[in-house]
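Below: one structure, written as structure tokens.
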Amino acid sequence: MTINFYLDSLTKRQRELAENAGRPLEEVPCRVLLLVMFGGQRLKLPTGHALAPRHWVQNSARGSRKQRVKSQHSESVKINLELDEIELKAKAYCNELRKTGQPLTKPGLQTYLLQEQNDLLPSYAPEVSAEPDFFALFEEWIQANLYQKAKGTLKHYRTAKHHLEAFQQERQRKITLQGIDKKFYDELVRFYLTKQKLSNNTIGNQIKQLKVFLNYLLEHGYAVNPAFQRFKKPSADTEVVFLTEAELTLLYQTDFSDQPRLEHVRDLFVFQCETGLRYSDLENLKPENIQYDPHGVCLALRLTAIKTRGRVLIPLQSFPRAVEILRKYEGHLPPRISNQKMNDYLKELAQRIGLLTPIQLVHFSGNQRKEQTVPKWQLISTHTARRTFVTLALARGIRPEVIMQMTGHKDIKTLMRYVKITEDMIFTETQR
């Protein structure tokens with residue numbers, strides 16, 4: 001009898017996704033399989049692990065090195081110990097059968113490894129109805145999106161995974177694909193509310209990530225309890241914070257030349273307010289994304305959005321402040337800094353120009369309402385610029401569908417909240 005481990009081959013779909021994303025195949029995670037050969041038979045079983053080929057040691061020419069995880073991998077010791085234990089258990093079982101004279105059959109070995117050693121082999125085999133390991137599949141999903149999704153999206157995926165790991169630990173029962181039913185949903189939401197103290201909107205985001213992951217599994221042939229498709233995403237309306245035209249003008253006209261760091265951040269923020277760019281796209285904006293006419297006049301921005309990978313066209317003729325900022329820096333933008341640092345500086349700017357309007361924040365956790373009132377400057381961030389752009393563009397009469405093309409929004413429902421805000425703002429302004 002021979003026992004080995006090897007990496008499964010990539011599916012045609014996995015290869016296509018990797019090629020479309022420009023991702024080296026050596027970076028695409030493959031399942032680690034157990035291979036048992038005996039009496040002319042070959043038995044394959046998943047181990048519950050997935051690794052990129054660059055992290056895997058193949059057998060040497062003389063077989064002196066086992067197929068195992070390379071030491072550079074962060075969990076190499078843990079995974080290799082698990083593989084060693086699987087190998088020892090498989091050998092011990094087969095040797096015991098030989099000693100007792102019992103026949104060695106493929107179903108017998110397979111059933112033993114999956115039933116007696118289910119803590120070692122948490123994944124599934126097609127021949128029996130054992131469950132795949134939930135978190136091994138979750139990590140495989142994250143790795144599959146490594147070169148297809150923006151960093152922020154991947155961060156959301158990992159946050160969802162960490163919350164689910166905490167939930168599994170709390171309930172002291174493994175999460176299984178067939179066990180994700182209405183009872184599971186109710187327990188999960190209760191855990192998020194009572195233990196994690198999450199708001200309804202945050203819980204809704206967690207449920208959203210879970211459903212995206214489970215749909216991915218369905219597309220790849222895994223047997224998932226269809227009840228998840230009826231899971232609702234809790235939500236509550238939140239305060240949309242944006243700058244009025246007067247506030248934006250005040251910020252733009254205030255002199256910060258004595259403090260270059262604030263002047264640069266102000267100009268970046270106003271450019272965002274004029275163009276509606278996400279900060280990830282602002283960070284990545286290059287001179288070649290700026291379109292000029294033959295006389296050197298700025299016409300538009302053309303780029304591919306980092307988050308959605310969709311094409312974005314932003315005409316600049318109607319947004320003179322954006323053109324002035326590009327002219328000020330000779331076709332470039334000021335040096336970009338981290339999103340967090342920029343948010344800190346923006347709050348400093350907003351406080352200095354006197355954005356003191358009290359804003360009431362209302363959060364719901366289950367049916368509990370929590371209120372907090374803070375000055376407006378505390379709520380200013382890079383995302384405020386995008387909200388400001390949409391709100392002021394609607395107020396200027398630009399149609400929602402045109403704004404969606406410029407911002408890359410996919411859902412008209414998102415913009416409808418801004419339409420209501422804009423109508424209220426216009427009514428208030430005209431009554432003065």
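Just so it is clear, none of the values below were taken in a lab; they were calculated from the coordinates. This is a predicted model, so every value here is computed, not measured. Cβ coordinates were reconstructed from backbone atoms using ideal geometry, including for glycine residues, and neighbour counts include every protein chain displayed.
Would you pull out the residues with amide H under 5 Å of His49's amide H, same chain only if 5 or more places away, H placed 1.01 Å from N?
Amide H neighbours of His49: Val32.
For region 289-323, run through the trypsin sites (Lys or Arg not before Pro) and keep only the ones in DSSP coil with at most 15 other Cβ atoms within 10 Å of their Cβ.
Hits after loop and neighbour filter: Lys307, Arg309.
Starting from the amide H of Leu316, placed 1.01 Å from N in the peptide plane, find each other amide H under 5 Å away whose residue is 5 or more places distant or on another chain.
Residues meeting the amide H criterion: Ala300, Leu301.
What are the ³J(HN,Hα) values, in whole Hz, obtained from phi via the Karplus relation 6.51 cos²θ - 1.76 cosθ + 1.60 with θ = phi - 60°, for each residue of region 154-164 in sequence order, with x given for Gly and Pro?
4, 5, 4, 4, 5, 4, 4, 5, 4, 5, 5
Using the beta-carbon distance between Ile398 and Gln229 and R0 = 45 Å, what value does 1/(1 + (r/R0)^6) give for FRET efficiency, to the nearest 0.05?
Approximately 0.75, to the nearest 0.05.
Please sort 206-219, 67-80, 44-57 by packing, taking for each peptide the average over its residues of neighbouring beta carbons within 10 angstrom, highest first.
Ranking the peptides 206-219, 67-80, 44-57 by packing returns 44-57, 206-219, 67-80.
Between rounded, prolate and oblate, where does region 139-230 land on the alpha carbon gyration tensor, with a ≥ b ≥ c its root eigenvalues, rounded for a/c under 1.5, else prolate if a/b exceeds b/c?
The shape class here is oblate.
Taking neighbour Cβ counts within 10 Å as the exposure measure, how do Glu274, Glu288, Glu245 sort from fewest upward?
Starting with the residue having the fewest Cβ neighbours, the order is Glu288, Glu245, Glu274.
Taking only the alpha-carbon atoms of region 245-430, what semi-axes of the equivalent ellipsoid follow from 5 times the gyration tensor eigenvalues under a square root, in whole Å, largest first?
Three semi-axes, in Å: 27, 21, 16.
If you keep only loop residues by DSSP, which chymotrypsin sites (Phe, Trp or Tyr not before Pro) in region 273-345 have at most 15 other Cβ atoms within 10 Å of their Cβ?
Taking region 273-345 and a limit of 15 other Cβ atoms within 10 Å, the loop chymotrypsin sites (Phe, Trp or Tyr not before Pro) found are Tyr329.
Sort Ile306, Ile412 by Cβ crowding within 10 Å, fewest neighbours at the top.
With the fewest neighbours first, Ile306, Ile412 line up as Ile412, Ile306.
Considering every pair of different Cα atoms, what Kirkwood radius, in Å, is found for region 255-327?
13.0
Among Phe271, Phe135, Phe191, what is the fewest-to-most ranking by other Cβ atoms within 10 Å?
Phe135, Phe191, Phe271
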